[in-house]
Each structure stands twice: as structure tokens, then as C-alpha cells.
Amino acid sequence: MDFSYTSRQRELMDTAREAYTRKLEPLIGDGGVEEHYKVRRAMAEQGLLGLNMPTELGGVGLPLLDTLLVIQTLHACSPVCGGLAHRTSTGACGAIEAYGTREQREKYIRGICAGELGISIGITEPGAGSAATDMKTRAEIVGDEVIINGSKQFVSSVDTNDYTVLYCRFGKTGRSSDIGAVIVPHDAPGFSRSNGTVNMADDLLFELYFDDCRVPTSNILLDGSAFGKLISVYNAERLGSVSRMLGAAQAAYEYALAYSQERRQFNREICDFQGIQWMLAEMRIKLDAAQLLTYRAASTAEATGLPEALETSIAKVFTANAAKEICDDAIQILGANGYTKEYPLAHRYAEVRGGSIYGGTVQIHKNMIAKRILDRNISQWKKD
Ligand SMILES: Cc1cc2nc3c(=O)[nH]c(=O)nc-3n(C[C@H](O)[C@H](O)[C@H](O)COP(=O)(O)OP(=O)(O)OC[C@H]3O[C@@H](n4cnc5c(N)ncnc54)[C@H](O)[C@@H]3O)c2cc1C
């Protein structure tokens, strides 16, 4: 067991930070779709997309742990860059990489790694949030087409992405074994979307509508009995979002640490006060502990390529709580400045707040942890 970074890992993080300062930071302004595309292309040129994707498909080919270190580093620099590194390295890409046909992998993974296209992931429905397997969106194969009907909500990045990997029901048994996935182009007939709802972190979340939406059968990723398979790949995506929370918490901690050594009250630096010192110490303890749990979860992927569910859930719950507390303490250290939008900490708090909800809420992850440590099949479903 070695708890230190390798020289290669240090180099990866330094290179990512340097690329951000030289090539990416100058492109980041008020946001918007065009700016997003510029940043995405620049990240592709710098080799910062598709971190965990195979080199033969244009990816960087990093192991999961190194991928997470780069995501965290970039997210500490900018949530835009952390988000792009995350979404192009895990999630929908992971599902296509694991289960796609040769043609699908060639088209989508290569396009994503080149910064030419983006893919969202559509799971949540109005009536199926935590109870995701209760989804109603249906896909029916008719000849060489799939006809899709239903809707999704709270889907990220649809405005800047070209496709959605849509989780949907192929069979009619009502069981999770009906669930498969289709890659839906955003210009498919019968597809439409909302204009988006702004969330706490100023990002948009979209509703997707499928009204006899037609896509070729060649876009089917998995045509049933796939929920378990999709979720096992999704654990890498969960660790990617955990790393983004770590990046935000790291940035908040470093900001507050520096501020506490400059701001003076009572004719001394505020870091002279024990009340501030203990907050800084707690923040550092939580950040280190969250990182170690995340690295442990990522290291379980060494054998199979996929992280273990138990270690992933433990890292997710601990980090979601720790990151909120770290950002909250950072705001406290800055006083009223921390509470304004002139300083970056209110946004950092808003970013990590979502981490307790997306990718499975912390309550759902605690259910999954309990189920595994008790080794019992505990159902959440109410029996009629
Ligand atoms: C920033 C952000 C980005 C997102 N991006 C996407 C995306 O790209 N694609 C996508 O498909 N979805 C996305 N989501 C949606 C997300 O996956 C869901 O919000 C999440 O699964 C929870 O569902 P819900 O919001 O409907 O909450 P609900 O399921 O309604 O839960 C409400 C509350 O009840 C609790 N609860 C529910 N069931 C149980 C239980 N059995 N035991 C204990 N407590 C329980 C929950 O923990 C929660 O506190 C995103 C969400 C956010 C916030």
C-alpha cells in the first residue's frame, strides 16, 4: 500500500494545471454555447478529453485513478473544464466504450475525444428519480427503426451535446430486465427538449420529450437486461463526479487558507485565531480523507476496469458531505465576502451541493452500503 502520488501522476496534474493556465483560462468568459465549444476543442488539442478512453479510439488511455486526479485538478481550476474532462471520460462514453458495437465506438468515442461531439445521459423521469427502474420511457423495434415514447428530466448539458444515451424500456414486463439503452441524436424526428431550468450552480438541466421519436436500430446500445450492466459502468461516472466535488472543495480550501493569512482583524491576521485554525485543520482532514476514500474506490478498478460498488458509494457519501462542509467553512472564513458572488466560494458551495443529489442521492447510496454490509436483499418497494 503506497499513499503517495507517483512521479507520473504528479506530472499529469502539473501538465493539466499548466495547460489550463496557458490555453484554457484565456478562453473562459461569461459562458455560452460558443465559448463551451472553443474550450472543448482546446481541451482536445491539449489531450484533456477522453482521459479514460482507449488510445486506439483517440483517448488518453489513463487508468481510472489517474483520470480522476486530472479531473480533480482541472475542476479546481474551472468547473467548465472539470465538467468536460469528466463527461468525456466516463458516463455515456463509458457505456458506449463498454457495450457499443465497433462502429458505435469508432464514431462516438473518437468524436468525443476529438472535441467534435458530446453525449448526455438520460435516466431520470418525472415519476422515476431515485426509483430509476420505475422508468416508463419505452422503445419498440419496428423493422430497422426504434420508436421511442416518453420523457426525461434534469438531464445535463443537452444544449451543448449532440446525442443522449437514453435509458429506456424495451420489454413490457415492468421489471428492470426490460431496461436497455439507445443513442438518440438531438435532431432525430420526434425528439424535442425544454429550454432548460437553471440550477443553483447556474447550469441548465433539461427535459427531453420523445414523441414517436425514430432512430435506426443501429443506434441501440443494449436492448434489454442491461440495467445492472449500465450501472456497473456508471460507477466510474460517479467517481468522476466525486472528483469534481474534490476539485471544488480543494479550490475552496486553498482560497480560504490564503485569505486567512492576508485578512487582518484586531491588528493581526485572522489565521492567528484558534477558531480559524481549527476550521482550516478540519477542512484539510476532510479533504484528505475524502481523497483517500476516492483513490481506494478507483484502485478497485485495476482488476476489472470497473470500480467496486461498495467502495464507490462510501467515497460518494463521504465526499458529498465533506465537500459541503469544506465549502461552508471556507465561506465562513471569508465572512461577508464569502457570501457574495464577487468571490468564488458561493459558486463552489452551489457546485458541491448538487453532489448529494445527482448520481444517486446520499440516502440511496447509504441504502446500497447497508445492503452490502448486512448482505441482505433489502427492497425499498412498498408491497401492495
Ligand atoms: C446537478 C444535477 C445534474 C443531474 N444530471 C442528470 C443527468 O444528466 N441525467 C439524468 O438522468 N439525471 C440527472 N440528474 C437527476 C438526478 O439523477 C436525480 O435528481 C436523482 O436521481 C434523484 O431523483 P429526484 O430528484 O427525483 O429525487 P427523489 O427520488 O424524488 O428523492 C427525493 C428525496 O427522497 C429521498 N429518497 C427517495 N427514495 C429513498 C429511499 N428509498 N430511501 C431513502 N431516501 C429516499 C432522496 O434521497 C431525496 O432526498 C441530475 C440532478 C442534478 C441535481
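Miscellaneous remarks
- When Leu287, Leu293 are compared by accessible surface with a 1.4 Å probe, the order from highest to lowest is Leu293, Leu287.
- Helical content alone sets the calculated 222 nm signal of the chain at -15000 deg cm²/dmol, taking -39,500 (n - 2.57) per DSSP H segment of four or more residues and averaging over every residue.
- Gain in span if fully extended, Arg268 to Glu140, counting 0.36 nm per residue against the direct Cα distance: 39.1 nm
- For the stretch 7-113, the convex hull spanned by the alpha carbon atoms encloses 87 Å³ per residue.
- GluC sites (Glu not before Pro) within the stretch 286-345: DSSP coil, no more than 16 neighbouring Cβ in 10 Å: Glu342
- Across the stretch 119-225, the volume of the C-alpha convex hull divided among the residues equals 90 Å³ per residue.
- Rounded to the nearest 10 square angstrom, Lys136 shows an accessible area of 130 square angstrom against a 1.4 Å probe.
- Sequence of Asp329, Asp134 from largest to smallest accessible area, 1.4 Å probe: Asp134, Asp329
- FRET efficiency, Trp381 to Val198 (Cβ-Cβ, R0 35 Å, nearest 0.05): 0.55
- Overall dimensions of the stretch 228-374 as given by Cα atoms, namely Rg and Dmax in Å: 17.1, 60
- Couplings for the stretch 127-140, taken from phi via the Karplus curve 6.51 cos²θ - 1.76 cosθ + 1.60 with θ = phi - 60°, read x, 9, x, 4, 7, 4, 6, 8, 4, 10, 4, 10, 10, 10 Hz in order; Gly and Pro are left as x.
- With the convex hull of its Cα atoms as the shape, the chain has an orientation-averaged projected area of 20.7 nm².
- Largest first, the residues Phe266, Phe273, Phe3, Phe210 sort by 1.4 Å accessible area into Phe266, Phe3, Phe273, Phe210.
- Accessible carbon and sulfur surface of the chain relative to its total accessible area, %, 1.4 Å: 50
- Distance between modelled label sites at Tyr5 and Lys23, nm, 7 Å Cα→Cβ extension: 1.9
- Sorted from greatest to least, the principal axis extents spanned by the alpha carbons of the stretch 176-248 come out as 40, 31, 20 Å.
- Summary of packing: across the peptides 14-20, 294-300, 234-240, the per-residue average of other C-beta atoms within 10 Å ranks them, highest first, as 234-240, 294-300, 14-20.
- For peptides 124-130, 98-104, sequence by mean Cβ density within 10 Å, most packed first: 124-130, 98-104
- Computed with a 1.4 Å probe over protein heavy atoms only, the accessible surface of the chain comes to 48 Å² per residue.
- Extension gain for the segment Lys172 to Glu282, taken as residue separation times 0.36 nm less the Cα-Cα distance, is 34.5 nm to one decimal.
The values are calculated or read from the model by the stated rules, or taken from the named source; none is laboratory data. Quantities reported herein were computed from a predicted structural model and do not represent experimental measurements. Glycine gets a Cβ as well: all are built from the backbone with ideal geometry, and neighbour counts include every protein chain shown. Accessible surface areas use protein heavy atoms only, side chains included; no ligands, DNA or RNA. Shrake-Rupley method; radii C 1.70, N 1.55, O 1.52, S 1.80 Å.
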